1. Could you tell me which label, among [x] 18.2, 72; [y] 14.7, 46; [z] 19.1, 64, carries the value of Rg and Dmax of the Cα atoms in Å calculated for this structure?
2. Return the single residue from Asn130, Asn91, Asn56 with maximal mean-square fluctuation; model: Gaussian network over the chain, springs between Cα atoms under 10 Å.
3. Gain in length, Leu40 to Ile80, computed as 0.36 nm per residue apart minus the alpha-carbon separation, to one decimal in nm?
4. Normalising by the residue count of the chain, find the relative contact order in percent from Cα pairs under 8 Å and 6+ residues apart.
5. Give the distance, in whole Å, between the Cα centre of the stretch 1-33 and the Cα centre of the stretch 85-115.
6. Along the charge dipole of the stretch 18-158, Cβ charges K/R +1 and D/E -1, which of Ile152, Ile119, Leu37 sits furthest on the positive end?
7. Under a point-charge model restricted to the Cβ atoms of Lys and Arg (+1) and Asp and Glu (-1), what is the dipole moment magnitude of the stretch 48-158 relative to its Cα centre, in debye to the nearest 20?
8. Please give the contour-minus-distance gain from Ile58 to Phe129: 0.36 nm per residue of separation, less the Cα-Cα distance, rounded to one decimal in nm.
Amino acid sequence: MIGFVSTFYFLRSDMQEDDRLLDHYYTIGNVFFLCHLLLLSSFIPALTVGLAIMRNVINNFYPHRIIKLGFLFVFVSIFILTYLMDSNLYNCLPAIVSVLMTFGFLYTKGHVLTLISIICSLLWLMVGFNIGSISIVLLEVVSIGLLIVRTIRIINFK
């Protein structure tokens, strides 16, 4: 059930045209998503989601370059460590998503952020299948559609 609550907030995030609101709802969705992953005993994905929550909250109050680079370094380090511990790239997908989303949230806007979000949704879709989470699979399929709609709406407003 908690996975579907996170799905609601992520979908709400995907429908936002304002990047600030997208970030707000995305962070709330991540709080519920963290709980969902912990209940599924998916600890590496939960670690990356927990750090993503910290990244988003801290960046809202202290958007300094060094903090952004620090989070990017942490997520790249998690990816490298995950890969070294388990050379199966499939198990490294949550860390890869964290690197991409950290870059996206901290350094991009508009179309580029949306494209990064679509790529990350495709990767999380693969994770959802791997850990057997119906809510993740549902979320990512719908998210991809909503992100495409968001892109079309942004293009039409310009």
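The values are calculated or read from the model by the stated rules, or taken from the named source; none is laboratory data. This structure is a prediction, so every number in the text was calculated from the model and none was measured. Every residue, glycine among them, receives a Cβ derived from its backbone with ideal geometry; neighbour counts consider all protein chains shown. Side chains included, ligands, DNA and RNA excluded: accessible areas come from the protein's heavy atoms. Shrake-Rupley method; radii C 1.70, N 1.55, O 1.52, S 1.80 Å.
1. Among [x] 18.2, 72; [y] 14.7, 46; [z] 19.1, 64, the one calculated here is [y].
2. In this elastic network of the chain, the residue with the biggest mean-square fluctuation among Asn130, Asn91, Asn56 is Asn130.
3. On the way: separation 40, 0.36 × 40 = 14.40 nm, distance 2.33 nm.
Result: 12.1 nm gained on full extension.
4. Values: 177 pairs, mean separation 38.6, N = 158.
Contact order relative to length: 24 percent.
5. What the calculation gives is 17 Å, centre to centre.
6. In the stretch 18-158, that residue is Ile152.
7. Values: 7 positive and 2 negative charges, 109 e Å.
Roughly 520 debye, rounded to the nearest 20.
8. Working: separation 71, 0.36 × 71 = 25.56 nm, distance 3.11 nm.
My answer for the length gained is 22.4 nm.
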